[in-house]
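These notes are about the structure you will find just below.
The values are calculated or read from the model by the stated rules, or taken from the named source; none is laboratory data. Computed from a predicted model, the values in this text were never measured in an experiment. Cβ placement follows ideal geometry from the backbone for every residue including glycine, while neighbour counts extend to all protein chains displayed. Calculation scope for accessible area: heavy atoms of the full protein, side chains included, ligands and nucleic acids excluded. Shrake-Rupley method; radii C 1.70, N 1.55, O 1.52, S 1.80 Å.
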Amino acid sequence: MKQLLYITFLLFSTFGMAQNEALFNQGKDNYKAEKYSEAITNWKQILDSGSHSAELYFNLGNAYYKLNQIGPSIYYYEKALQLTPNDKEIKVNLAFAENARVDVIEPLPKTIFSKWYNSIASIFTYEGWAIIAVVFSMLFVGFFILYYFNISEGKKRLFFTSSIVSILLMIGGISMAYLTFGDVQNNKPAIVFAESIEIKTAPKMNSAAAFTLHEGTQVQVIDSDGDWLRISLADGKDGWIPKSDLKLL
């Protein structure tokens with residue numbers, strides 16, 4: 001029975017892959033023929049099947065850019081970058097799309113401590129910092145055991161100093177893992193899809209307008225209330241926008 005289920009699953013998977021490949025190639029043909037809307041339809045069917053890739057997102061970004069739909073174009077380029085962060089072609093095309101945005105957001109100046117933290121935090125992911133903490137905790141135990149059982153005064157001082165350094169680095173690793181994990185959890189970027197939208201001071205349509213944003217602008221989601229999301233900008237501004245007018249990355 002298990003073998004039958006496995007074979008059935010394998011057949012469906014193979015069929016699905018073949019179907020997605022056909023849709024992908026059909027989309028490429030439509031793109032070459034300048035039928036950009038049809039190409040988008042083909043590629044979105046692949047996304048609807050649960051499959052995704054940097055190449056698929058990149059092609060969707062290109063198709064939307066050709067249709068002068070800046071919001072979706074930037075959104076899919078950003079999705080592609082999430083999968084391949086160092087791809088130069090994606091970065092170049094994203095820069096072109098961003099240059100077509102109406103809004104120019106000047107980020108707030110960072111303090112020296114913030115710059116130091118960002119430089120250190122970018123060395124590893126939170127998982128990497130957690131591994132660093134585990135490694136130094138093991139080193140601490142090893143050095144302390146060597147210190148405890150060693151007779152030589154010189155070696156005891158060396159192992160004691162090494163154990164202190166290890167535990168300090170372990171604490172540093174734990175702290176960085178905790179902080180960077182919090183950064184990941186709080187990082188909720190989204191792209192404005194509305195051509196032009198007034199950002200409200202409260203989650204109500206009849207509330208006062210705080211400022212106006214245009215499609216393609218990237219924001220951070222910091223809160224939600226029913227069908228409304230509270231967003232913040234790099235320049236410190238914040239306000240409320242309907243969920244339907246932006247898309248989370």
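Is there a quick way to get the dipole size of the chain? I mean about its Cα centre, with the Cβ of Lys and Arg at +1 and of Asp and Glu at -1; what is the value in debye to the nearest 20? List each step's numbers first, then the result.
On the way: 22 positive and 24 negative charges, 157 e Å.
Dipole about the Cα centre, nearest 20: 760 debye.
How large is the accessible surface of F159 in square angstrom, using a 1.4 angstrom probe and rounding to the nearest 10?
40
Starting from the Cα gyration tensor of the stretch 75-174, take the square roots of the eigenvalues, sort them a ≥ b ≥ c, and report rounded, prolate or oblate (rounded when a/c is under 1.5, otherwise prolate if a/b is larger than b/c, else oblate).
Values: a/c = 5.33, a/b = 2.95, b/c = 1.81.
Note, shape of the stretch 75-174 comes out prolate.
Reported to two decimal places, what Rg/Rh ratio describes the chain when computed on Cα atoms with Rh from the Kirkwood expression? Walk me through the numbers on the way to the answer.
Numbers: Rg = 25.4 Å, Rh = 22.3 Å.
Radius of gyration relative to Kirkwood radius: 1.14.
Tell me the mean residue ellipticity at 222 nm calculated for the chain from its helices only (DSSP H runs of n ≥ 4, each -39500 (n - 2.57), averaged over every residue, nearest 500).
Details: 8 runs with 151 residues, N = 249.
Value at 222 nm, helices only: -20500 deg cm²/dmol.
Given charges of +1 on the Cβ of Lys and Arg and -1 on the Cβ of Asp and Glu, with all other atoms neutral, how large is the dipole of the stretch 123-209 about its Cα centre, in debye to the nearest 20?
300
Helix 88-99 versus the longest principal axis of the chain: what is the Cα-based angle in degrees, 0 to 90, to the nearest 10?
60
For the stretch 138-227, count the residues as N, evaluate 2.2 N^0.38 Å, and divide the Cα radius of gyration by that value, please.
Here the Cα radius of gyration is 2.18 times the empirical estimate.
Once the dipole of the chain is set up with Lys and Arg at +1 and Asp and Glu at -1 on Cβ about the Cα centre, which of L168, L229, V102 lies farthest towards its positive end?
Ranked along the dipole, the leading option is L168.
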